[in-house]
1. Please list the radius of gyration and Dmax for the range 58-129, considering alpha-carbon atoms only, with Å as the unit.
2. With every protein chain kept in the model, how would you rank Tyr99, Tyr220, Tyr119 by accessible area, 1.4 Å probe, largest at the top?
3. Counting only residues 5 or more places away or on other chains, whose amide H sits under 5 Å from the amide H of Leu128 once H atoms are built in the peptide plane?
4. Would you work out what percent of the accessible area of the chain, with all protein chains in place, is carbon or sulfur (probe 1.4 Å)?
5. If you split all Cα-Cα distances of the range 1-90 into 5 Å bins from zero, what percentages do you get per bin, shortest first?
6. How far apart, in nm, are two points set 7 Å out from the Cα along the Cα-to-Cβ line at Ser224 and at Ser56?
7. Step through the table entries Lys5/Lys193; Lys80/Lys247; Lys60/Lys107; Lys60/Lys247, compare each Cα-Cα distance with 22 Å, and write down the pairs that go over it.
8. With a 1.4 Å probe and all protein chains left in place, how much accessible area per residue does the range 86-234 have, in Å²?
Amino acid sequence: LYIDKKAAQIAENRIAAEGFTGSVELTIEDLKSTKNVFLVQDLLPVDSIAFMVAISNLGKTFAYVDLICRMIHEMTWLGKATKQVKILLVLGEGKAGFYERLEAWFKFHNLNMDIIPEYFSFIDGANLFNDQSLAKMSEVANRDDCGLIILDTWSATSGVADENAGALNSTALNRAMTIKPGATLLFVHHPTKNSEKSERPELRGSSALKGRADLVMTMYADSSFNPSTGEKEDFIALSTEVAHGGKLSLIHI
């Protein structure tokens, strides 16, 4: 039994190490050059891993559609400046109706949809553990020089059979980072069953996901918010606060 458990641990560690490209010595100038550059001001760094977490049908697709459409027009998003980049959208689920969401955004803002092919690229379906799928994502992302890659959702695109398996989740992230080195990865994901209807939706699956993430944005129905203007609406909150299941790995001086 001991030998079997030890072998399983060694195998898991080796799986987790797959995709690691090796240790590199750094100078102080190297560290200085890695100061955060943002796609979204003080929120979403370049060359980072991010998750957007919410229960189904709450509006997370609309949230990131609003984000990316504002990015290509260099409009602010939730009061934060954005950087214009090209974007690859990997739709593992939710393909039906996606165009209508884009159409609704452009119609609401009275903007021309002809800009979409210039800045958006699309892939239908993915599996990070499938070499052909990974190669296709890499081909499109590099061909179109995409600075942001969105995979919707983690469960539909990662290829991870056991979401609680730390080594498999870590390997999936390692493989995702090879799609286009230097690009920012944003994964759409779901919360745990126990937390999905709370104001602290916790990212589902292995702790390796949240541990590796630079940013976790959670969405939840905010029943406690009372606007000073007196509206009586069903508000949705978007948070990076630990108290709401989020994470923001940034230092502000």
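1. Radius of gyration, then largest Cα-Cα span, for the range 58-129: 12.5, 41 Å.
2. Working: Tyr99 125, Tyr220 15, Tyr119 35 Å².
Correct descending sequence by accessible area is Tyr99, Tyr119, Tyr220.
3. Those lying under 5 Å, H to H, from Leu128 are Ser158, Gly159.
4. Values: 7310 of 14090 Å².
Answer for the chain is 52 percent, counting heavy atoms of protein chains only.
5. Over the range 1-90, the share of Cα pairs per 5 Å bin runs 3, 10, 13, 15, 12, 11, 12, 11, 7, 4, 2, 1 percent.
6. Rounded to a tenth, the inter-label distance reads 2.8 nm.
7. With Cα atoms farther than 22 Å apart: Lys5/Lys193.
8. Values: 7330 Å² over 149 residues.
Per-residue value: 49 Å².
The values are calculated or read from the model by the stated rules, or taken from the named source; none is laboratory data. Predicted model only: the values in this text are computed from it and were never measured. Quick reminder, even Gly has a Cβ in these numbers, built from the backbone with ideal geometry, and neighbours come from all protein chains shown. The area values use the complete protein model at the heavy-atom level, side chains included, leaving out ligands, DNA and RNA. Shrake-Rupley method; radii C 1.70, N 1.55, O 1.52, S 1.80 Å.
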